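Working notes for the structure below.
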Amino acid sequence: MSLRWRLTLLSALVMAVVFAIFGTIAYFTVSLFLYRAVDDNLERQVAATLIYGLSRPGTDISQLGDRDEIGTVFYTVIDTEGVVRYPTRSVFISDPMYNQAMSGSTVKSTQTLSDGTRVRVLSAPIRIPTGTIVGVLQAITPLDMTDHLLNELKVFLGVAAFILLIVAAAGSYILTGRTLRAVESITRKAHQIELSQDLTQRIPSRGTDDEVGHLVDTFNQMLSRLQAAFEAQRRFIADSSHELRTPITVIKSNMHLLRRTTDPAERTELIDITEAEVSRLNRMVNDLLYMAQMQAGHDLKPVLRHVELDSLLLDVFARTRSIAALKNQKVMLVHEDIAACIGDRDQLQHLLLNLADNATKYTPEGGTIALGLWQDDGWARLEVSDSGPGIPEEDLPHIFERFFRTPDARQTVRGGSGLGLAIVKTIAQAHGGRIEVFSKVGEGTTFRLWLRLVPESATPAPDDEPFVPKQLQEAEGPAATI
């Protein structure tokens, strides 16, 4: 059975239950009102009869009756001995009802006569002026009209419920069809996109603020994310193929030359170049594996622990100073607050060492590299600055892309894979942080890492006079934030 028919039958079932409940309540409400009207009329008739009959002196209670036949209201009089005084026959009254009436209460009941007529009976005590109860007066009225009205109401409610149920089912079928038609069009379009593998296509928006409209918007957003992911994957495959091809080509060419040359000096040079390219290829493969594992969230998913960032910064400072000594570069620890965060120490160290390694690569001999740690409104701010050539403004938005290297970097620095900053970005995002870069050509570059502080460790330290490169001065230099 189709979803349309299932929804129609379900809505029809719900409407049938609603109509049944409504009809039952309506029937019993009208019945209650009709019986109450009958009882009120009997009470008024009995009260008037008693007032009129007992107001005459010497009145016999048997004279309170009217006539011995069914009419609008007729009466029966029963004395204290239980003897019917008027008329010679009466509607049956049980002993409990008679006793209750003789005790001063008014009793109401519905009875069926021998000829099948349903009547409403009101039994009331007869009190003489002294207050003594001298008998029971029964007021009887037929319920033919009341029963007829209730039967007509029952038929009307049944017919009306049946007609309304058909109308509701038809309306539900039509509305469900219109709603599912929109869903069906979405399904067809999605199937078309699947067959064509063209993720640039989108489902036309209905422009409605309802569930179907939200479904269309959500599906289009998903397509946009899938398109971006596939484009990133294609770009990654193309870039990685290009980057891997270069060292492989160099290695292959050198191997060919090694077979032909007999000059020891030339062979040594070729072997050195080949070893350098193999090292570069190895670093590139390791970086690719690291990024893939980070983004897949498998082996290198952050192991969250308490990390003392000041201690971590000191370790990075010591390692950076050893590397920088080879180029006579000066490494400075310009500021160090006591700060801690929740994160993976190994990954954060990898991030900072990547930034420090970049600083040493691109800073000329005798240049300056500065490291610092500050607390800033619930965040830890770690900075790695250099006095290198800087990054052109047009390249800043792309430096965190995989395999991106500025033209100057490709000419001046060999051995880089173009993956270091992409790894930095991935680790920062995995820790709920962000990475910023500030740079000016000819003045240097600063990378700024923001990590959420552990609240208990947020104890500010007095500021020192740090070395601040020109590009870090307020309102100076373009910045990229990831």
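Of note:
- 5 angstrom amide H check on Leu419, placed H, neighbours 5+ away: Phe403
- Nonlocal amide H pairs with Trp379, under 5 Å, H built at 1.01 Å: Leu453
- Per residue, the solvent-accessible area of the stretch 305-360 (1.4 Å probe, heavy atoms of protein chains only, all protein chains present) comes to 45 Å².
- Cα shape, the stretch 167-213, gyration tensor, a/c 1.5 rule: oblate
- Of the solvent-accessible surface of the stretch 1-52, computed with a 1.4 Å probe and all protein chains present, 77% belongs to carbon and sulfur.
The values are calculated or read from the model by the stated rules, or taken from the named source; none is laboratory data. Everything numeric here is computed off the predicted structure, so don't read it as measured data. Accessible surface areas use protein heavy atoms only, side chains included; no ligands, DNA or RNA. Shrake-Rupley method; radii C 1.70, N 1.55, O 1.52, S 1.80 Å.
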